[in-house]
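So the structure is just underneath, and the comments pick up after that.
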Ligand code: ADP
Ligand code: ADP
């Protein structure tokens with residue numbers, strides 16, 4: 001059984017935009033999957049199907065082998081955490097600490113568990129010193145890290161990062177790479193991310209999907225994708 005899978009997934013936005021056409025995607029447990037491709041290729045649209053934000057026009061989305069339904073939507077959203085490209089939209093609390101606590105609190109966890117998770121997430125993302133700051137006033141890179149911490153505090157099994165390096169400086173990128181690389185072995189997590197920084201992919205990904213015009217046009221290991229004639 002695959003952790004995340006799509007079968008012949010098609011999505012059409014209003015205005016007859018064929019954003020996804022026949023996408024077959026698989027992510028295994030504890031793997032790091034990169035999705036690359038130009039702007040408009042369909043990467044974000046694909047990601048939004050992984051936790052039921054978008055529904056397939058046709059085809060299937062299977063999480064742990066199960067389709068997403070009204071009944072399991074809450075469970076699925078605990079299981080698959082997504083940090084969007086425009087992560088500012090995901091930050092709205094008065095302080096960083098409260099913001100990171102929002103998700104786990106919403107899951108109905110007790111205060112001590114929430115506090116513990118917040119500490120761990122702040123620490124993993126290296127943003128402990130920002131805890132009392134107003135998220136709105138942070139730099140783009142800081143906001144990104146806080147947004148990731150907030151999703152991480154919900155302890156998803158699958159972490160989906162849409163263009164996580166956008167707006168990060170070289171040190172921020174290096175930190176993010178190190179962070180992502182810890183997740184499978186130390187936390188048993190699967191990471192699915194999109195990026196424009198193709199040079200990063202070799203450092204972070206076990207498996208790569210290349211998208212264009214709503215389709216997967218290539219997939220394979222780093223060696224397979226980058227040593228093809
Ligand atoms: P085949 O078509 O022979 O099944 P694939 O190209 O699908 O081969 O896969 C080649 C190798 O990559 C296999 O060992 C498979 O387990 C692994 N693999 C395929 N998809 C993924 C993925 N999404 N994540 C991690 N490993 C993968
Ligand atoms: P990527 O993440 O690879 O940049 P997207 O999934 O954002 O690609 O977009 C895929 C296609 O769907 C593009 O043609 C884009 O313009 C279109 N699209 C994305 N969101 C919407 C929307 N809400 N309504 C209509 N079209 C959209």
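Just so it is clear, none of the values below were taken in a lab; they were calculated from the coordinates. The shown structure was predicted, so the numbers you read here are calculated from the model rather than taken from an experiment. Here the Cβ positions follow ideal geometry from the backbone for every residue, glycine too, while neighbour counts run over all protein chains shown.
Counting each DSSP H run of 4 or more residues in the chain as -39500 (n - 2.57), what helix-only mean residue ellipticity at 222 nm follows after dividing by all residues, to the nearest 500 deg cm²/dmol?
-10500 deg cm²/dmol
Assuming a ≥ b ≥ c are the square roots of the Cα gyration tensor eigenvalues, decide whether region 1-67 counts as rounded (a/c under 1.5), prolate (otherwise, with a/b larger than b/c) or oblate. Walk me through the numbers before you get to the answer.
Details: a/c = 2.25, a/b = 1.40, b/c = 1.61.
Here region 1-67 falls in the oblate category.
Kindly identify region 36-98 as rounded, prolate or oblate by the Cα gyration tensor criterion: order the square roots of the eigenvalues as a ≥ b ≥ c, call it rounded if a/c is under 1.5, otherwise compare a/b with b/c, prolate if a/b is larger, else oblate.
Values: a/c = 2.72, a/b = 1.27, b/c = 2.15.
Since a/c reaches 1.5 but b/c is at least a/b, the shape of region 36-98 is classed as oblate.
Kindly state, to the nearest 0.05, the FRET efficiency for residue 57 paired with residue 2, given R0 = 22 Å and r defined as their beta-carbon distance.
With a Förster radius of 22 Å, E is 0.55.
Region 192-229 to region 156-185: how many Å between their Cα centroids?
16 Å
Taking the Cα atoms only, what angle lies between the long axis of helix 140-152 and the longest principal axis of the chain, rounded to 10 degrees?
90 degrees
If you count, for each residue, the other Cβ atoms within 10 Å and average over each peptide, how do 45-57, 155-167, 119-131 line up from highest to lowest?
155-167, 45-57, 119-131
Tell me the angle of helix 170-187 to the major Cα principal axis of the chain, expressed in degrees between 0 and 90 and rounded to the nearest ten.
Approximately 80 degrees, to the nearest ten.
Sort 96-104, 8-16 by the packing proxy (mean of other Cβ within 10 Å over each peptide's residues), most packed first.
96-104, 8-16
Put a dot 7 Å past each Cα toward the Cβ at residue 199 and residue 178; how far apart are the dots in nm?
1.9 nm
First check a/c for the chain, with a ≥ b ≥ c the square roots of the eigenvalues of its C-alpha gyration tensor; if it is under 1.5, answer rounded, and if not, answer prolate when a/b is larger than b/c or oblate otherwise. Don't jump to the answer; show the numbers that get you there.
Working: a/c = 1.69, a/b = 1.36, b/c = 1.24.
It is prolate, given that a/c is not under 1.5 and a/b is the larger ratio.
Compute the acute angle (0 to 90°) between the alpha-carbon long axis of helix 96-106 and the principal axis of greatest extent of the alpha-carbon atoms of the chain; round to the nearest 10°.
With both axes taken from Cα atoms, the answer is about 70 degrees.
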